[in-house]
Amino acid sequence: MSRLIRAVIDTGALRHNLARIREQAGRARVMAVVKANAYGHGLVPTALALGDADAFAVARLDEGLALRAAGITQPIVLLEGVFTAEQLVQAARHGFELVLHDALQIELLEEMTGAHRFVLWIKIDTGMNRLGFPEREFPAALARVLRLNPAPLEIRLLTHLASADERDNRVTNEQLARFRAATAGLNYPISIANSAGIFGGVQINCDWVRPGGVLYGASPFADGSGGDLGLKPVMTLESSVIALRHLAAGERVGYGGAWSAPRDSTIAIVAAGYGDGLPRALPAGTPVLVNGARARLVGRVSMDMIAVDVTELVGVQVGTPAILWGRGLPVEEVARHALTIPYELLCSVSQRVPHELR
Ligand SMILES: *Cc1c(COP(=O)(O)O)cnc(C)c1O
């Protein structure tokens with residue numbers, strides 16, 4: 001079998017989605033969020049395909065180093081900043097932009113010897129209560145940053161929205177109001193919107209947007225899919241049928257015999273399991289595309305395979321292609337069966353699954 005499970009990455013779709021985001025984001029510049037191996041799509045190939053992005057954002061220093069090692073020259077923002085003096089030196093060496101969310105990070109800058117001037121993003125916590133300076137601590141943080149020597153190359157401000165995935169959520173408006181109040185009278189570039197903010201109509205005049213999920217074609221909203229937002233799926237998780245079974249009514253499939261055939265059935269065994277990143281909790285009834293037609297998963301997900309009821313389909317044989325999500329089967333739909341969000345499915349595709357760029 002030459003065509004076992006692989007993640008086919010559609011780089012044209014990536015570029016389409018970036019263009020669609022620009023359309024939606026008005027004058028804002030786009031910081032493409034490529035943390036967590038570009039949401040499972042492959043950090044370096046994704047960044048190379050997004051040569052048009054104004055900047056890249058990653059969570060951790062190592063991710064930024066991998067981008068630089070691959071020759072990426074755009075600005076790179078470390079969304080969690082750095083935590084040690086040694087990391088700060090590396091960040092300077094590679095020209096990373098830093099998010100500052102904690103006083104300790106300002107202290108590292110105060111103590112740093114050397115002439116490097118950073119672009120610094122001060123994060124204000126407007127209600128997410130995760131990272132950032134609470135509004136009452138922000139003025140003191142800004143004052144310290146303004147006293148840094150050497151002075152920052154530029155100061156920018158950001159906050160993160162907790163509930164933008166629910167359209168017209170009251171919390172979002174409160175966060176925006178708090179951000180406006182905290183930054184009144186200041187004239188620094190700002191960034192607020194993630195995917196949900198960009199497509200959920202968060203009307204604020206931002207200088208930068210920070211899309212992650214929508215770059216990959218995944219909707220941040222609980223209903224619908226990326227297609228509804230004019231986006232194209234970037235990853236198609238494809239495999240193929242490696243065996244067929246004909247069951248008499250009442251016969252069971254897989255570990256624990258968790259599913260029994262309600263009628264005489266044809267079951268296709270597809271080479272994709274939790275060892276590849278499918279959730280083991282995927283329930284019977286989860287859709288799978290076999291030869292382009294919808295079929296349903298039956299029985300438990302194993303490490304290396306799943307069973308799919310193909311009784312209604314004709315022409316299924318060993319080698320027939322199967323799609324777990326992507327083109328023709330929105331990852332959002334599979335995520336709803338798995339009681340999770342598409343981001344988690346995309347990020348969970350495991351190391352052993354090869355990527356194939358198209
Ligand atoms: C991950 C992340 C984003 C991107 O979020 P999406 O919902 O994927 O668009 C934006 N900003 C920050 C600070 C993040 O950590």
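The values are calculated or read from the model by the stated rules, or taken from the named source; none is laboratory data. None of these values were measured; they are calculated from a predicted model. When we count neighbours, we look across all protein chains shown, and the Cβ atoms used for this are built from the backbone with ideal geometry, even at glycine. When the accessible area is computed, the model is the full protein with side chains, heavy atoms only, and any ligands, DNA or RNA have been set aside. Shrake-Rupley method; radii C 1.70, N 1.55, O 1.52, S 1.80 Å.
Overview of results
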item	result
So Ala258, is it modelled with pLDDT under 95, among the small types (Gly, Ala, Ser), open to solvent by 10 Å² or more (accessible area, probe 1.4 Å) and more than 23 Å from Ala13 (Cβ to Cβ)	yes
Residue in the stretch 217-236 that is near the ligand (Cβ under 9 Å from one of its atoms), of a type outside the set (Phe, Trp, Tyr), under 13 Å from Ala164 (Cβ atoms) and part of a helix (DSSP H, G or I) present	no
Cross-chain or 6+ apart pairs with Cβ under 8 Å, the stretch 330-354 first and among the polar types (S, T, N, Q), then assigned to a helix (DSSP H, G or I) and crowded, with 23+ Cβ neighbours inside 10 Å	Ser348/Gly40; Ser350/Asp276
Residue selected from the stretch 237-259 under the condition in a strand (DSSP E or B) and either within 27 Å of Gly40 (Cβ to Cβ) or touching a Phe, Trp or Tyr at 6+ places or on another chain (Cβ under 9 Å) (or both), by the criterion nearest to the ligand (Cβ to nearest atom)	Leu237
Out of Leu282, Leu289, Leu297, sole residue that is open to solvent by less than 20 Å² (accessible area, probe 1.4 Å), part of a loop (DSSP other than H, G, I, E, B), away from the ligand (no atom under 16 Å from the Cβ) and of a type outside the set (Val, Ile, Thr)	Leu282
Of the criteria (1) surrounded by fewer than 22 Cβ atoms within 10 Å (Cβ to Cβ); (2) touching a helix residue (DSSP H, G or I) at 6+ places or on another chain (Cβ under 8 Å), which one Thr266 fails	(2)
Within the stretch 90-128, tally of residues that are of a type in the set (Val, Ile, Thr) and surrounded by fewer than 16 Cβ atoms within 10 Å (Cβ to Cβ)	1
Residue check, Ala141 in a loop (DSSP other than H, G, I, E, B) and either open to solvent by less than 20 Å² (accessible area, probe 1.4 Å) or modelled with pLDDT under 95 (or both)	no
Residue ID - nearest to Val119 (Cα to Cα), chosen from residues in the stretch 41-86 that are of a type in the set (Gly, Ala, Ser) and touching a Phe, Trp or Tyr at 6+ places or on another chain (Cβ under 8 Å)	Ala55
Pairs with Cβ under 6 Å, 6+ apart, first in the stretch 206-221 and under 30 Å from Leu186 (Cα atoms), second outside any loop (DSSP other than H, G, I, E, B) and more than 10 Å from the ligand (Cβ to nearest atom)	Cys206/Ile190; Asp207/Ile190; Trp208/Arg29; Val209/Ala25; Val209/Val30
Total residues in the stretch 24-64, condition away from the ligand (no atom under 14 Å from the Cβ), outside any helix (DSSP H, G or I) and small (Gly, Ala, Ser)	3
